[in-house]
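One structure below.
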Amino acid sequence: MTEAPTGVAMALDPLVTRILAPNPSPFTYTGTQTYLVGTTDVAVIDPGPDEPEHLAALEAAIAGRPVRAILCTHTHRDHSPASRPLKTATGAPIIGCAPLVLEDAGPRADAAFDRDYAPDRVLGDGETVSGEGWTLEGVATPGHTSNHLCFALREEKALFTGDHVMGWSTTVIAPPDGDMTAYLLSLDKLLNRDDRVYYPAHGEPVAKPQRFVRGLIGHRKQREGQILRLLKADVHAIPAMVERMYVGLDPRLHGAAGRSVLAHLIDLERRGLVAERGGGWGMAA
Ligand SMILES: [Zn+2]
């Protein structure tokens, strides 16, 4: 593992600098990675958690340059809360994903969401924000969350993938806001692009992105096959499925694995293959 030390600005490419936040956990790997894009003026992608130490590191890396935009891929609490103090400190607008519409489909948001996120401008799919020598384009990628956006840096054919594609583990899909059907469509969407490199919010850059995404799709198809085999073998409860599917998983991640299994089951139910009955799941009649 060759991570940058927390708080140190690390140049990855002429236009891209990475700063690691001090929030490592079983869910965030070494922590959230904030990216600065630009040279004479900059954009900040995924400012991260509202931690004074991280804000000080960001301000040191910005070094007085004008900040054109504070961009958020989605509103999990390890990504967007620092947008507000950073806006106060720099005067830059918060641009990016939409706030979650909580009423939309029942209780979409859980404790992991930043409910105070307030963008000055929502960046639609294909819309751009730019500065001196850089252009960032919103790429709508719902699935991990319903409001997830990736940002494409046109000049470098680089894609900031947030939590949609991570460099260390597959992403968690937690219903009701997380949606496996949408996630798989958003992976297909990336296959149709010609990005050279991905810069994820967690983990190292991904150098052969299309091959990597095909691997992620294959992994989900494998999980789906496992779930169907377990249902046919009369395993109906999600915790029992997790135990058989995720052998050796950190127990702290069992809850998240269970949410991803539920996300698969909902996707399979939509396709008419499985049905929920009596608190468990089974093959559709
Ligand atoms: Zn997230």
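The values are calculated or read from the model by the stated rules, or taken from the named source; none is laboratory data. Here the structure is a predicted model, which means the values were calculated and not measured. Cβ placement follows ideal geometry from the backbone for every residue including glycine, while neighbour counts extend to all protein chains displayed. Keep in mind that these areas ignore ligands, DNA and RNA; they rest on the heavy atoms of the full protein, side chains included. Shrake-Rupley method; radii C 1.70, N 1.55, O 1.52, S 1.80 Å.
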* Asked: Looking at this structure, is A237 touching a strand residue (DSSP E or B) at 6+ places or on another chain (Cβ under 8 Å) and surrounded by fewer than 15 Cβ atoms within 10 Å (Cβ to Cβ)?
  -> yes
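Could you pull out the residue among L249, L184, L253 that is surrounded by fewer than 18 Cβ atoms within 10 Å (Cβ to Cβ) and out of contact with any Phe, Trp or Tyr (no Cβ under 9 Å at 6 or more places or on another chain)?
The unique qualifying residue is L249.
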* Asked: Of all residues in region 109-161, which are open to solvent by 20 Å² or more (accessible area, probe 1.4 Å), more than 22 Å from S25 (Cβ to Cβ) and within 16 Å of the ligand (Cβ to nearest atom)?
  -> A140, P142, S146
* **Cβ pairs under 6 Å, 6+ apart, first in region 29-46 and among the acidic types (D, E), second open to solvent by 10 Å² or more (accessible area, probe 1.4 Å)** => D41/R65; D41/P66; D41/R68; D41/G131; D41/E132
* To do: Please specify each residue of region 256-280 satisfying the condition of being surrounded by 17 or more Cβ atoms within 10 Å (Cβ to Cβ) and touching a Ser or Thr at 6+ places or on another chain (Cβ under 7 Å).
  => D267
* Quick one: which strands (runs of 3 or more DSSP E) sit completely within region 1-104 and have at least 1 residues that are more than 16 Å from the ligand (Cβ to nearest atom) and over 16 Å from L149 (Cα atoms)? -> 10-13, 16-20, 33-38, 42-45, 67-72
